[in-house]
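The values are calculated or read from the model by the stated rules, or taken from the named source; none is laboratory data. Note that this is a predicted model, so its numbers are computed, not measured. All Cβ positions, glycine included, derive from the backbone under ideal geometry; neighbour counts span all protein chains shown. For the accessible areas, the whole protein counts, side chains as well, though only heavy atoms, and no ligand, DNA or RNA atoms are used. Shrake-Rupley method; radii C 1.70, N 1.55, O 1.52, S 1.80 Å.
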Amino acid sequence: MNIFEPSEGTMVVVPSISLPPAELSCIKGVRHYEERLMFLLLALDHPDVHLIYVSSLPVDPAIVDYYLGFLRDPRDAAGRLHMISADTPGPDTPGPPSQSQSQSLSQALLDRPDLIHRVRALLAETRTAPGAPGIHESPAWMVPWISTDLEAELARLWNLPIYGPSAAHAARFGSKSGSREAGRQAGVPMPRGFADLHSLAEVEHAARALSGRRMIVKLNDGYSGLGNAIVTRSGHSLADSPTSFSAARETWDKFAKKICERGAVLEEYIEQDLVSFPSALVQITPNGRAEVIATHDQVLGGVNADLYQGCNFPSRGEYRAEVNGCALRIGRVLAGKGVIGLFGIDFFVVKTDGGYRALLCEINLRIGGTTHPFGAMLLTTGARFDPVLGAVAADGRPKYYTATDNCASPSLRGSTPGEVVRRVEELGLGFDRRSRTGNVLHLLGSVPEHGKLGFTSIADSPEEAMALHRKTHLALGSAL
């Protein structure tokens, strides 16, 4: 079972962003982030693969056609694809979320028995091998963006295994406190700090025990850095000290309530000798084998420079082995606890007299922001890991890319996804199948309302990937 190279079977993709909506509402076009897993449509190039893709809102047919256009036989692939919409909005607009906006896709599905039945019927249809009805059934599994109790219930209703960790594992070891627990057991370096804090009083007590003027408070289930607060201690209490919240419109009164509800960690704020923010993509197979399949250097932004914007692949060679080693140790610890699936581990890298040191930042026990660029690169180029080159390569040529989720331009607002695709192609910035280089677009559904999309710029060198990335931003009217 590998979402990057399935040979047969049916994938039921449920990209529900089942996280607290308060921070999600700060992300422009967040409901269209469900489209980041659309790269899985590229797996339909294999004739024995079927795909059922569920989304909150209908996906523009031009977006579906765009992905199918990468395949050798788009018409045949379309016959093995089933797009289902729950017709519910997601947390998308600024301000306090309404009831409809705060409802996740998975909850919307559980509230729709007709859709549950429809997916069950499609599974029965797609899993039966032609010519042998009722005799042989191909495998099927559910691919969620994250595993919570909601996704577990969907999997139970459809009688499907989940490609990913259990809800219990995701809730614990995918939290900031659980990340520190796994890191401690793996023996990897971490910033000094305290975990499992469940009140502002506990955070204040931990702060008194932590030397240093600047520190960071992170909500256990914060997403993309939006649950963070950086404090420069100057007053009697943290709440009286200058604080920079990563989420817009956040206050200490609201943040303190979230600490009580969701828990938090307090850590020293790493800034001296900080080099970069690499992330490792780790896979644990059902037989318990952990492996690091990719490393990236994350591109961060926002008021605190801690919000995920995109990534470069692979991470820099100077510290790649250090990041790999730490990630593998954590992966083996989690494998020993029964965790399976694909997930990301984020690090800080600092410069030392002896070279570089990787410090654990957090474990994202779910499909993360580096997964869809990596999957798009593999499935469009046919690249594989080359042990001789020590890199991911296609036809013996290493592949590199720079990716973003945040190409935004007022000039794009009001355009259709199809118009943007045509514009990119006419400018010669699309994907070239012969050289296996170019751009793969995503988040196209966000273009009409927000003038925002993402893209992965694939090339044969890091310099070429970055040059293509800059050229594409400029062509689309977006500032880097």
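Residue-level check: of (1) assigned to a loop (DSSP other than H, G, I, E, B); (2) farther than 20 Å from Asn406 by Cα; (3) modelled with pLDDT of 85 or more, Ile17 misses just (2). Selection over the stretch 386-433 of residues that are within 16 Å of Arg470 (Cα to Cα) and exposed (fewer than 14 other Cβ atoms within 10 Å of the Cβ) gives a count of 2. Among residues of the stretch 1-20 that are in contact (Cβ under 8 Å) with a residue 40 or more places away in the chain, those with a beta-carbon under 8 Å from a residue that is open to solvent by less than 40 Å² (accessible area, probe 1.4 Å) and among the acidic types (Asp, Glu) at least six positions away or on a different chain give the pairs Val14/Glu151; Pro15/Glu34; Pro15/Glu35; Ser16/Glu34; Ser16/Glu151; Ile17/Glu34; Ser18/Glu151. When Ile367 is evaluated against the numbered criteria (1) crowded, with 24+ Cβ neighbours inside 10 Å; (2) under 24 Å from Met215 (Cα atoms); (3) at pLDDT below 95, which criterion, by number, is the only one it fails? Exception for Ile367: condition (2). Number of residues in the stretch 12-29 that are closer than 16 Å to Ser85 by Cα and of a type in the set (A, V, I, L, M): the value is 4.
Selection of the stretch 307-330 for residues being closer than 14 Å to Phe347 by Cα and part of a helix (DSSP H, G or I) yields Tyr319, Arg320, Ala321, Glu322, Val323, Asn324, Gly325, Cys326, Ala327, Leu328, Arg329, Ile330. For the stretch 457-480, the set of residues classified as among the β-branched types (Val, Ile, Thr) and farther than 11 Å from Cys407 by Cβ consists of Ile458 only. Listed conditions (1) touching a residue at least 24 places away in the same chain (Cβ under 8 Å); (2) over 27 Å from Gly336 (Cβ atoms) are all met by Gln283, apart from (2).
Screening Leu441 against (1) open to solvent by 10 Å² or more (accessible area, probe 1.4 Å); (2) part of a strand (DSSP E or B); (3) not hydroxyl-bearing (Ser, Thr, Tyr) leaves a single unmet condition, (1). In summary, Gly355 fulfils each of the numbered conditions (1) surrounded by fewer than 16 Cβ atoms within 10 Å (Cβ to Cβ); (2) on the phi < 0 side of the Ramachandran plot with the single exception of condition (2). In the stretch 13-51, the residue that is surrounded by the most Cβ atoms within 10 Å (Cβ to Cβ) out of those that are under 15 Å from Ala108 (Cβ atoms) and charged (D, E, K, R) is Glu34. Being over 21 Å from Gly338 (Cβ atoms) and either in contact (Cβ under 8 Å) with a residue 12 or more places away in the chain or in contact with a Phe, Trp or Tyr (Cβ under 6 Å, 6 or more places away or on another chain) (or both) is a property that Phe194 has. Condition check for Ser315 on (1) free of Cβ contacts under 8 Å to residues at least 60 places away in the same chain; (2) in contact with a helix residue (DSSP H, G or I) (Cβ under 8 Å, 6 or more places away or on another chain); (3) at positive phi: one failure, at (3).
For the stretch 365-424, the set of residues classified as part of a helix (DSSP H, G or I) and among the acidic types (Asp, Glu) consists of Glu419 only.
Residues that are out of contact with any helix residue (DSSP H, G or I) (no Cβ under 8 Å at 6 or more places or on another chain), modelled with pLDDT of 95 or more and open to solvent by 50 Å² or more (accessible area, probe 1.4 Å) do not occur anywhere in the stretch 174-182.
Of the numbered criteria (1) aromatic (Phe, Trp, Tyr); (2) open to solvent by 20 Å² or more (accessible area, probe 1.4 Å); (3) in contact with a strand residue (DSSP E or B) (Cβ under 6 Å, 6 or more places away or on another chain), the one Phe313 fails is (2). Just to verify a result, which residue in the stretch 448-480, among those that are open to solvent by 50 Å² or more (accessible area, probe 1.4 Å) and in contact with an Asp or Glu (Cβ under 9 Å, 6 or more places away or on another chain), is farthest from Arg423 (Cα to Cα)? Out of the qualifying residues, it is Glu449. On inspection, Leu300 does not qualify as modelled with pLDDT of 95 or more, of a type outside the set (Lys, Arg), surrounded by fewer than 20 Cβ atoms within 10 Å (Cβ to Cβ) and outside any loop (DSSP other than H, G, I, E, B).
Comparison of Val54, Val59 shows that the only residue that is crowded, with 24+ Cβ neighbours inside 10 Å and either out of contact with any Leu (no Cβ under 8 Å at 6 or more places or on another chain) or modelled with pLDDT of 95 or more (or both) is Val54. The condition (being assigned to a helix (DSSP H, G or I) and either farther than 30 Å from Ile116 by Cα or open to solvent by 10 Å² or more (accessible area, probe 1.4 Å) (or both)) is satisfied by just one residue among Ala201, Ala195, Ala155: Ala201.
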